[in-house]
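Colleague: Quick one: this structure, given as structure tokens, is what I'll be asking you about.
The values are calculated or read from the model by the stated rules, or taken from the named source; none is laboratory data. Everything numeric here is computed off the predicted structure, so don't read it as measured data. Here the Cβ is made from the backbone with ideal geometry for all residues, glycine too, and neighbour counts use every protein chain on show. Each accessible area value is taken on the protein alone, full model and side chains, heavy atoms only, with ligands, DNA and RNA left out. Shrake-Rupley method; radii C 1.70, N 1.55, O 1.52, S 1.80 Å.
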Amino acid sequence: MASFSDPPEQARRGFVPPQNEAERFLMTRVEELCRTAESRGFPRATGFLSDREQSLAWAAVCRAGCGCTRWEGGYPGAERRVLCIEPAGSWALEPVAALRIAAQGTPPPAHRDYLGALLGLGIQRTCLGDILPDPDAAGVVYAFVLEDKADFLAAELTQAGRCPVRAERCDAVPDRVLAAPERTLRQATVPSLRADAVLGAMMNTSRALAAGAIAAGRVEINHLPLRSAHEPVYENDLFTVRGAGRWRLQAVGGKSRKDRIFITFFQY
């Protein structure tokens, strides 16, 4: 049995400031929404935001000193969420609707087919939240969308990939769909918490190949480009490798007798 030391208290990744004009615009826009909502007493909302965008939006909320916000993704645990700003005395927003999309042929479309078909109707990514498969019905997914786009999407979405589909509003998404999927946790040991070492372990490949993927610009951490194989990584970091998949560094443990660090992770 492997022997290891108790894990030390782990450093956490701090807030990463905006890295480009789009991210700076997002923060400015959120601050403007906060000021407008509070000065006029009317609620305001963003579109669906990714994990990275949520971090930026929350920083903007704090900078604006706004204390009347909540997140809404259509269900508890949603990855993509809408920021709702609801001043005291205003009404509660209902910005999210759900669509049931069913394939009418075989083979059924994949997740990327549904996403591509929805975006192909000319809407922005911020109009779309999570897309969840029905575990008991092959070819059926539930898509969370902005309320004001739901009727348009239900009427216009007729094909995903090469498969005809039927989309319709639904009042309630089945619990089995909303249940968090069981993740298979895996363990490995790494010589250090460098990006290439951790990524290589998670992908079950060599450190050199992981470094090559990073150098080729194929890797993101928490939706930001990973610029160097030498960068340190932190517990709960999300790795996205273009063309390969996504991995979450769930936990960093203690050290083995050979001074290697235990990590726990899963693949989406």
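Colleague: Mind listing just one residue for me: the one in region 230-268 that is of a type in the set (D, E, K, R) and within 25 Å of V16 (Cα to Cα) and, of those, most open to solvent (accessible area, probe 1.4 Å)?
Modeller: If we take residues in region 230-268 being of a type in the set (D, E, K, R) and within 25 Å of V16 (Cα to Cα), then R242 is most open to solvent (accessible area, probe 1.4 Å).
Colleague: Okay, next question. Which ones in region 14-39 are in a loop (DSSP other than H, G, I, E, B), open to solvent by 80 Å² or more (accessible area, probe 1.4 Å) and over 15 Å from C62 (Cβ atoms)?
Modeller: Q19
Colleague: Restricted to region 168-179, and to residues that are among the aliphatic types (A, V, I, L, M) and touching a Pro at 6+ places or on another chain (Cβ under 9 Å), which residue is least open to solvent (accessible area, probe 1.4 Å)?
Modeller: By that ranking, first place goes to V177.
Colleague: Do you know which residues across region 156-167 are open to solvent by less than 70 Å² (accessible area, probe 1.4 Å) and on the phi < 0 side of the Ramachandran plot?
Modeller: L157, A160, C163, P164, V165, A167
Colleague: Which of the residues belonging to region 124-155 are among the hydroxyl-bearing types (S, T, Y) and open to solvent by 20 Å² or more (accessible area, probe 1.4 Å)?
Modeller: T126
Colleague: Just for region 182-196: of the residues that are out of contact with any Phe, Trp or Tyr (no Cβ under 9 Å at 6 or more places or on another chain) and over 21 Å from G243 (Cβ atoms), which one is most open to solvent (accessible area, probe 1.4 Å)?
Modeller: Residue satisfying both the conditions and the ranking: E182.
Every residue, every condition in (1) closer than 23 Å to D148 by Cβ; (2) of a type in the set (A, V, I, L, M); (3) out of contact with any His (no Cβ under 7 Å at 6 or more places or on another chain), yes or no:
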position	(1), (2), (3)
M27	no, yes, yes
A57	yes, yes, yes
C62	no, no, yes
G65	no, no, yes
R81	yes, no, yes
A92	yes, yes, yes
L99	yes, yes, yes
G105	no, no, yes
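Colleague: Another question, then. Take the residues of region 72-123 that are part of a loop (DSSP other than H, G, I, E, B) and among the aromatic types (F, W, Y): which is surrounded by the most Cβ atoms within 10 Å (Cβ to Cβ)?
Modeller: Y75
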